[in-house]
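The values are calculated or read from the model by the stated rules, or taken from the named source; none is laboratory data. Worth saying up front: this structure is predicted, and the values here are computed from it rather than measured. Cβ placement follows ideal geometry from the backbone for every residue including glycine, while neighbour counts extend to all protein chains displayed.
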């Protein structure tokens, strides 16, 4: 059986792993290793992928504001081995994990939107005082 030693971890085919794919994080099953890449079958979503242009984060004024869907249940994806870590906790049901990840992303965006509004309000007040 093929094994991968990664930071004192010994991963093998069939192990459950946490995989980072672009800006999303998933729990999956390691099904193949090929050089610097691993093939992972998605079982749950830990963090929903971010929306927009990853090269211009938090900029809504880009030529193409990307929509990123989470990977599907049992979808196979190629991941750099450095982005794969062993996963030993309970694996949540896919649909529940997807909903929780989407809700967490919405909450983070809401918090960012409220922070932006508060910062804008304070900067406008300061601008009045600077005149």
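Identify all residues within region 58-76 that are in contact (Cβ under 8 Å) with a residue 24 or more places away in the chain and under 30 Å from residue 14 (Cβ atoms); write none if there are none. Please lay out each step first, then the result.
Of the residues in region 58-76, the ones in contact (Cβ under 8 Å) with a residue 24 or more places away in the chain are 58, 68, 70-76.
Hits for region 58-76 are 68, 70, 71, 72, 73, 74, 75, 76.
For residue 112, work out the one condition from (1) farther than 15 Å from residue 41 by Cα; (2) touching a strand residue (DSSP E or B) at 6+ places or on another chain (Cβ under 9 Å); (3) touching a residue at least 12 places away in the same chain (Cβ under 8 Å) it doesn't fulfil.
(2)
For region 13-29, what are the residues that are more than 18 Å from residue 82 (Cβ to Cβ) and out of contact with any strand residue (DSSP E or B) (no Cβ under 8 Å at 6 or more places or on another chain)?
Listed by number, the list is empty, since nothing qualifies.
It is to be established whether one or more residues within region 90-101 are out of contact with any strand residue (DSSP E or B) (no Cβ under 9 Å at 6 or more places or on another chain) and either loosely packed, with under 12 Cβ neighbours inside 10 Å or modelled with pLDDT under 95 (or both).
yes
Out of 74, 78, report the one residue that is in a strand (DSSP E or B), surrounded by fewer than 17 Cβ atoms within 10 Å (Cβ to Cβ) and more than 14 Å from the chain's Cα centre (by Cα). Write out each step before concluding.
Values: 74 fails: in a strand (DSSP E or B).
Result of the check over 74, 78: 78.
Being surrounded by 15 or more Cβ atoms within 10 Å (Cβ to Cβ), in contact with a strand residue (DSSP E or B) (Cβ under 8 Å, 6 or more places away or on another chain) and assigned to a loop (DSSP other than H, G, I, E, B), is that true of even one residue in region 30-48?
yes
Please indicate, with yes or no, whether at least one residue in region 54-64 is surrounded by 11 or more Cβ atoms within 10 Å (Cβ to Cβ), in contact with a strand residue (DSSP E or B) (Cβ under 9 Å, 6 or more places away or on another chain) and within 29 Å of residue 31 (Cα to Cα). Quick ask: steps written out before the conclusion?
Going through region 54-64, the residues surrounded by 11 or more Cβ atoms within 10 Å (Cβ to Cβ) turn out to be 54, 56, 62.
Still in the list and also in contact with a strand residue (DSSP E or B) (Cβ under 9 Å, 6 or more places away or on another chain): none.
Checked region 54-64: no residue is surrounded by 11 or more Cβ atoms within 10 Å (Cβ to Cβ), in contact with a strand residue (DSSP E or B) (Cβ under 9 Å, 6 or more places away or on another chain) and within 29 Å of residue 31 (Cα to Cα).
Please find, among 105, 121, the residue that is surrounded by 15 or more Cβ atoms within 10 Å (Cβ to Cβ) and either in contact (Cβ under 8 Å) with a residue 60 or more places away in the chain or out of contact with any helix residue (DSSP H, G or I) (no Cβ under 9 Å at 6 or more places or on another chain) (or both).
Working: 121 fails: surrounded by 15 or more Cβ atoms within 10 Å (Cβ to Cβ).
Just a single option satisfies the conditions, and that option is 105.
Considering only residues that are part of a helix (DSSP H, G or I) and within 18 Å of residue 22 (Cβ to Cβ), which ones fall in region 81-111?
81, 82, 83, 97, 98, 101, 102, 104, 105, 108, 109
Mind listing just one residue for me: the one in region 22-39 that is modelled with pLDDT under 95 and closer than 22 Å to residue 92 by Cβ and, of those, nearest to the chain's Cα centre (by Cα)?
Result: 23.
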